[in-house]
Amino acid sequence: MKTFNYHSTKDVKEATKLASSSSAFLAGGMTTLPSMKLGLASYKDIIDIKRIKKLSGIKASGKSVTIGSTTKHAEVANSKEVKKAIPSLAALAEGIGDPQVRNRGTIGGSIANNDPSADYPSACIALNATIHTNNRKISADKFFTGMFETSLKKGELIEAIEFQIPEKSCYQKYPNPASRYAIVGVYVAKHKSDVNVAVTGAKACVYNEKSIASALSKNFSSSSLDSVKISSSGMNSDIHASADYRANMVKVFAKKAVDAC
Ligand SMILES: Cc1cc2nc3c(=O)[nH]c(=O)nc-3n(C[C@H](O)[C@H](O)[C@H](O)COP(=O)(O)OP(=O)(O)OC[C@H]3O[C@@H](n4cnc5c(N)ncnc54)[C@H](O)[C@@H]3O)c2cc1C
């Protein structure tokens, strides 16, 4: 590992002032530290944001649940507020990695990293989330821009993620047996005026599967998906699953999610 400067900050202003094109924020460190150790990434400055109090915690209102960016997966999984307002979101957090990862990894780190197989990006799309940063609000459909890419600017810090509470929702995934990342994961959410079907693991970036969402908007039942065809064009193909297999899984897991709503 190359040498770097370690900064531990207590407020957002200080953290963003220290940020540069050769820095990274340190939240759970579950991605940043292994990447540095393996020589895949190197930074001049590591800015530890774990001690910034305002970035952690969960608040629920009648319409939304807001989760601070350094809130750990285990905290979301065990939160009474999340379990009551959006049980599918607590279940998603419970299915991430293993206990060590859930007790270090954070929601902000997960969505900033935007791994193509990560679980939380699908929750953001399905639950019409708003990402609050230190200087603006970004809707989830404009946040995830490509493989490991987001619309965050250099040094921009995620403060919280606000999820809209749906009428019904469920997340189903086929986990990689080693890491638990999604080989394919489908998050179905029925809101008052629309249905979202967010898919992770299948393509380079999370996306809303409009063909399934449109069928469910007309008739929210798994049988309404029988005639829907999912193309394998642009789907990932690797040692775990071919593109065709992933395309089939998108529909199978969407049906499972609808049935479990
Ligand atoms: C063995 C293993 C298994 C895993 N399994 C799963 C799984 O099943 N599903 C899944 O979804 N994930 C999985 N993960 C990912 C993990 O859950 C973490 O969410 C992820 O590694 C990043 O979160 P972190 O808090 O550790 O971020 P860090 O590693 O600290 O940071 C990652 C990146 O995000 C940036 N960042 C962090 N916080 C912020 C912020 N507030 N604002 C702006 N940028 C920020 C950093 O600059 C850095 O570039 C797994 C990881 C491991 C190591």
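What FRET efficiency, computed as 1/(1 + (r/R0)^6) with R0 = 41 Å and r the Cβ-Cβ distance, is obtained for residue 220 and residue 154, rounded to the nearest 0.05? E between residue 220 and residue 154, to the nearest 0.05, is 0.45.
A crude spin-label estimate for the pair residue 54 and residue 21, with each label 7 Å from Cα along the Cβ direction, gives 2.9 nm. Take the Cα of residue 145, step 7 Å along the line toward its Cβ, and report every residue of the stretch 180-206 whose backbone nitrogen sits under 20 Å from that point. Inside the label zone: 203-206. When you count the other C-beta atoms within 10 angstrom of each residue and take the mean per peptide, 171-181, 85-95 line up highest first as 85-95, 171-181. With the cut-off at under 12 Å, measuring from each backbone N in the stretch 188-216 to a point 7 Å along the Cα-to-Cβ line of residue 238 picks out 201-205. From helices alone, the chain scores -8000 deg cm²/dmol at 222 nm; the rule is -39500 (n - 2.57) for each run of n ≥ 4 DSSP H residues, then divide by the residue total. All C-alpha pair distances within the chain, sorted into 5 Å bins from zero, spread as 1, 6, 13, 18, 19, 17, 12, 7, 4, 2, 1, 0 percent across the bins. With all protein chains in place and a 1.4 Å probe, the accessible surface of the stretch 50-92 carries 53 percent carbon and sulfur. The Rg/Rh ratio for the stretch 90-167 is 0.95, where Rg is the radius of gyration of the alpha carbons and Rh is the Kirkwood radius. Centre-to-centre, using Cα atoms only, the stretch 83-102 and the stretch 110-164 are separated by 18 Å. About its Cα centre, the dipole of the stretch 47-86 is roughly 120 debye, where the only charges are +1 on Lys and Arg Cβ and -1 on Asp and Glu Cβ.
According to the Cα-based calculation, Rg over Rh for the stretch 41-190 is 0.93, with Rh computed by the Kirkwood formula. Charge tally for residue 26 (other residues, Cβ to Cβ under 13 Å; Lys, Arg +1; Asp, Glu -1): +1. Maximal additional length on extending the residue 204-residue 41 stretch stands at 56.7 nm, based on 0.36 nm per residue less the C-alpha distance. Size of the stretch 1-52 from its Cα atoms: along the principal axes, largest to smallest, the extents are 30, 20, 14 Å.
For the stretch 181-260, with all protein chains present and a 1.4 Å probe, just round the carbon and sulfur fraction of the accessible area to a whole percent. Result for the stretch 181-260: 49 percent of the exposed heavy-atom area is carbon or sulfur. Within the listed set 123, 77, 19, the residue fluctuating most in the Gaussian network model of the chain (springs between alpha-carbon atoms under 10 angstrom) is 19.
Per residue, the convex hull spanned by the alpha carbons of the stretch 149-191 comes to 129 Å³. Heavy-atom accessible surface of the chain, averaged per residue, reaches 48 Å², computed with a 1.4 Å probe.
Reported to the nearest whole Å, the Cα centre-to-centre distance from the stretch 232-252 to the stretch 42-61 is 35. Along the axis of the charge dipole computed for the chain (Cβ charges of +1 for Lys and Arg, -1 for Asp and Glu, origin at the Cα centre), the listed residues 56, 222, 82 are led at the positive end by 56.
For the stretch 165-261, the normalised intensity computed at q = 0.14 Å⁻¹ comes to -0.46 (log10 of I(q)/I(0), Debye sum over alpha carbons, equal scatterers, no solvent). Note on the stretch 1-101: percent of Cα-Cα distances in each 5 Å bin, starting at 0 and stopping at the bin with the largest distance, equals 2, 12, 19, 18, 16, 15, 11, 6, 2, 0.
The values are calculated or read from the model by the stated rules, or taken from the named source; none is laboratory data. It should be emphasised that the depicted structure is a prediction, and the values quoted were computed from it without experimental measurement. Cβ sites come from the backbone with ideal geometry, for glycine too, and all protein chains shown count toward neighbours. Surface areas here come from the heavy atoms of the whole protein model, side chains and all, with no ligands, DNA or RNA. Shrake-Rupley method; radii C 1.70, N 1.55, O 1.52, S 1.80 Å.
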